[in-house]
Amino acid sequence: MKKLFLSLTALLMCLSASAFEFDGIDLNGSFVEITRQISQKGYVYDDTKNCLKGVCQGDEIYLSINNTDVKEKGKIGQLIIDVPMNVSDAYTAVSKTFNVVYHQISKDEKSSTYQVAEDGTTLVVTATAQGVRLTYNTQYYKVK
């Protein structure tokens, strides 16, 4: 339980209270600038998982960026963060933590959605077989 709490704390430190930043990177910037900054932080492409792999506050995480489904070309629509956790109910612990930080706008058995910014940016927390997935839907995300 202590390790889960420390992981959640580290994750919250990576994700600023402002939804516009991830690990100090402005998510409202251009796709090129965001990917350049992510690369500078040491994230590298993982062929096996087809995403970027890196360490944030001591924990290995995986990043994916959706720059296809966007309202404005050159921006990102979604930042998807997969956080491996070896805890039986990681989703419940993470969603309880985010309930304190953000306003929850919907919930079901395996996902919770939070309003994280005035511009309409949302965060969807989803249970996965390996831990949790955090999907930031930016103001530029165009729902399919």
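The values are calculated or read from the model by the stated rules, or taken from the named source; none is laboratory data. Nothing here was measured: the structure is a model prediction, and the numbers come from that model. Reconstructed Cβ throughout: ideal geometry from the backbone, glycine too, with neighbour counts over all protein chains shown. Just the protein is used for accessible areas: all its heavy atoms, side chains included, with ligands, DNA and RNA removed. Shrake-Rupley method; radii C 1.70, N 1.55, O 1.52, S 1.80 Å.
Observations
- Expected 222 nm ellipticity per residue - DSSP helices of 4 or more, -39500 (n - 2.57), all of the chain, to 500: -7500 deg cm²/dmol
- Ordering of 105-112, 75-82 by burial proxy (mean other Cβ atoms within 10 Å per residue, highest first): 75-82, 105-112
- Straight-distance crosslink candidates among lysines, where the alpha carbon sits under 26 Å from Lys110 and sequence neighbours closer than 8 are dropped: Lys2, Lys3, Lys49, Lys53, Lys96, Lys142, Lys144
- Three-way shape label, segment 78-122, alpha-carbon gyration tensor, a/c 1.5: prolate
- Global form of segment 23-69, assessed from the alpha-carbon gyration tensor, a/c cut-off 1.5: oblate
- Net length gained if the chain between Asp59 and Thr128 were fully extended (0.36 nm per residue, minus Cα distance): 23.1 nm
- Tensor-based shape of segment 34-115 (alpha-carbon gyration tensor, a/c under 1.5 rounded, otherwise prolate or oblate): oblate
- Segment 42-108, accessible surface, carbon-and-sulfur percent (1.4 angstrom probe): 47 percent
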